[in-house]
Amino acid sequence: MGTVSGSSVWHKVLQAADTQDPQRAFPAEFQLIQVGRCRIFDSAQSAVTAVFLPLLFATSEAAESVNMKCVRQHANKLKFNREFCLKICLISYGTMESYFDDKIQFPYFYRTVPNDQAQFHAIVQLLQHFGWNWVGLITSYEDQGDQTSVELEKFLLQNHICLDFKYTVSNLLLDGDPVEFKSEVIILYISSSSYTKLMFELSFNSTFGKIFILPASLQIHYQVSRDTFLNGSLMFRLHNRNIPGLRDFLLRDGPREFPENPFLGAIRKEKRLCLPESFEPDPFIREATCNDTDSLNIMDPLIYDVENFRLTYSIYAAVYAVAYALHHLYSHRSHQEKWELRPWEINRYLRNLHFSTPGGEEVTFDDKGNVVATYDILNIIQFPNKRVEYVLVGHVYPAEGGTRLVINDSAIRWDSRYARTPNSLCNPSCPPGHRKVHKERAKCCYDCARCPEGEISNGTDMANCMKCPDDQWPNEGRDTCIVKRMEFLSYEDPLGFSLAILAAIVSSLAAGTLGIFIKHKDTPVVKANNQTLSFILLLSLMFCSLCPLLFIGRPTEISCLLCYISFGTFFTVAISTLLAKTFIVTLAFRVVKPDRKVRGWLWKNMFMIVVLLCFCGEGLIGTTWLAHSPPFPDYNTKLEADKIILRCNEGSVIAFYVQIGYMGLLASFSFIVAFMARKLPDAFNEAQYITFSMLGFCSVWVSFIPAHLGTKGKYMVAVECFAILASSLGLLSCIFIPKCYIILIRPELNIRGSLIVKKQDKSIKI
């Protein structure tokens, strides 16, 4: 036979099985069961009694075979195995300890309340909903309370919720000094008896206004709660349900039809209701005598709610579970076998039981013998007149893969010391732009560190900062990524504007010099040094001076292709013309000597061959460069953290420096030839000027290499532009300023007679 065990809750078990009239307790479908043989016992909230009474509920032979010493030993810990229980199925309406889930040790144990693990999940969901990760825990001093608290502590830590403290009620009562709790939220996982003692102790210290979380396993009497400091606290309760007919039975039918029933009298006496005339009155309390019109409509629902039941419903469901299991068992037996019932046979039907109560609620046991967890969340509100209200603010429902918390934040009234939802954290939250740096003492305690450069955090209490994309950069608060600023040498930039003006000036000087030479093309100074080469040199210098304009501005594919190839080409032409000039002068003086047989080397267009040969070398370099790795616009996001450097990438650094080296080779060769021809007897011998120009040209580009390697971004482009302009201006100044001086300022020297005199003077010196 199955039994119902658990702690006594105001003797409400009577509503499920009426000992006076069995037919009233169960529907007609259960008439196969001899309800009259059912016995109801009061465990008096004693663990020993709760275990021992079900044993007495067995057959007399089984009861006599029990080892009573073993009973006491295991009952204190609420642990018993199948041999100890004689394979009697136990259905508990109040036991929530998780160790009864072990079906190897307790295969005949069932309960109509959720286990502790379900309650742990609900508490964690509530804490996470409000963002509380720093809480206190107060537990009972009973053995099972301590074991349950250890399980709860582990579960909290697994969900990143840390404990500010953990006390047992006995420690708090023995400690004479007031205890200061830093956390704003305290979980009371204690028994009802420990709760009463604890509330008395807390009334003498400074814990006013703390938010307490009370589990469903803690049953609080309404009068006790009025004398505590629970204002604004939250409590879990089993989901309330209606029990059809119980209200009328308690208020009217029961006292009238069963005036001698001690259970009914005890309930009405405890709730200060009227008593049946036959019930022995309490000499210290005056109660009214019941009449036919008695009703609890005037009774405060906080004192006694006869419409909705919580733990009482669990008793109700437990009795119905036994009744349904017995009904199914008897339905499969013959008339003779019905009275040959062995206790363990009902286990098969309990394990697969699924039924609906008269109120329409479905009840089923899972593979561990538990029912589905459903909780109500109540907010305790205390008014100045000591009135207490329990406001329903949320639910915990079964959901796929677990449970789901639904809570109405606006319905919660916190204690008056809180202007808004309280925070229960070890330290203030880390604002956006910061990350958590955990301390050693607890996972929930941490310092806030600013996100490293290039990273952001866009939420509070971020464990790690996130890197911005390559084209973005954190703002000043480092809580969002913004697009990086594009940087390139632009005309709006003062440096770029200055270089553009300088390029225009140098190019204008070259163009002006070309105009002067064209205007005075028939004068001896212009004719004396091969005016064709002079015109080519001036044109190349003019275009060289304009090359920096290709470097300035937003790089494009066309500008990048032109800028490097064009300045190399124009400089090669310029240097090759100077090489041709010095080469021709040297050959001209060598062929006039009678012992030299080089007359065949001098012909009319030889200088063009020199220029073309030099140009072909540059053309080969440029073609190879463009074919294999041409320059391109480069968006460099790594060079500077907060900028995107936009410049023309050389494509092939080797090709770039080969071009510079080729120009340097031509300049060096021109310098050597010009140095050798500097003392030749010619009135307008340019060898000396070419020597100085090549010396300056080589100095500029030798200095350019380390400067180019040592600068980044737009300043690298500026170095390239400056080198082009400096070398162009150097060539223009050294070669053409002396000639322009004669043409414009000393025109008297620009005559053939002056040339002959100078030539004779130099011949005498030689």
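With charges only on Cβ, +1 for K and R and -1 for D and E, what is the dipole size of the stretch 434-483 about its Cα centre, in debye, rounded to 20?
Numbers: 8 positive and 9 negative charges, 79 e Å.
Dipole size: approximately 380 debye.
Between F535 and A511, residue separation times 0.36 nm minus the direct Cα-Cα distance comes to 7.6 nm. For S233, the residues whose modelled amide H falls within less than 5 Å of its own, excluding neighbours fewer than 5 places apart on the same chain, are F212, I380.
Sorted by average packing, counted as other Cβ atoms within 10 angstrom per residue and highest first, what order do 460-468, 729-737 take?
Numbers: 460-468: 16.0, 729-737: 21.0.
The densest-packed peptide leads the list: 729-737, 460-468.
Looking at the stretch 470-575, the trypsin sites (Lys or Arg not before Pro) that sit in a DSSP loop and have at most 12 other Cβ atoms within 10 Å of their own Cβ are K521.
In whole Å, how far is the Cα centre of the stretch 498-538 from that of the stretch 347-379? Spelled out, the Cα-based centre of one part sits 105 Å from the other. Peptides 367-378, 342-353, 544-555 ordered by packing proxy, namely the average of other Cβ atoms within 10 Å per residue, highest first: 544-555, 367-378, 342-353.
Want the number for F229 to E389: 0.36 nm per residue separation, take away the alpha-carbon distance, what's left?
Values: separation 160, 0.36 × 160 = 57.60 nm, distance 1.35 nm.
Value of the extension gain: 56.2 nm.
Modelled this way, with points 7 Å down the Cα-to-C-beta line, the labels at R342 and L695 are 12.3 nm from one another. Assuming charge only on the beta carbon of Lys and Arg (+1) and of Asp and Glu (-1), the dipole of the stretch 341-422 about its Cα centre is about 340 debye to the nearest 20.
Legend: ranking of residues T112, T480, T312, T523 from fewest to most surrounding C-beta atoms inside 10 Å; resulting order T480, T523, T312, T112. Among the listed pairs K182/K436; K154/K182; K439/K712; K154/K436; K210/K368, which have their C-alpha atoms separated by more than 30 angstrom in this model? Beyond 30 Å between Cα atoms: K439/K712; K210/K368.
Across the options C444, A463, T480, the greatest Cα extent toward the positive end of the charge dipole of the stretch 434-483 (unit charges at beta carbon of Lys, Arg, Asp, Glu) belongs to C444. What you get for the stretch 375-432, charging only the Cβ of Lys and Arg (+1) and of Asp and Glu (-1), is a dipole of about 280 debye around the Cα centre.
Were the residues from K521 through D470 laid out at 0.36 nm apart, the gain over their Cα-Cα distance would be 12.4 nm.
Compare the peptides 156-168, 631-643, 232-244, 567-579 by average per-residue count of other Cβ atoms within 10 angstrom and give them in order, highest first.
Details: 156-168: 16.5, 631-643: 15.0, 232-244: 19.6, 567-579: 25.8.
With the highest mean Cβ count within 10 Å placed first, the list reads 567-579, 232-244, 156-168, 631-643.
Over the stretch 434-483, all Cα pairs binned in 5 Å intervals from 0 give whole-percent P(r) values of 5, 25, 27, 18, 12, 7, 4, 1, 0, listed from short to long.
The numbers here are math on the coordinates, done by the rules we state, and not lab data. Small disclaimer: the values here were computed from a predicted structure and weren't measured. Positions of Cβ are generated from backbone atoms using ideal geometry, with glycine treated the same way; all protein chains shown enter the neighbour counts.
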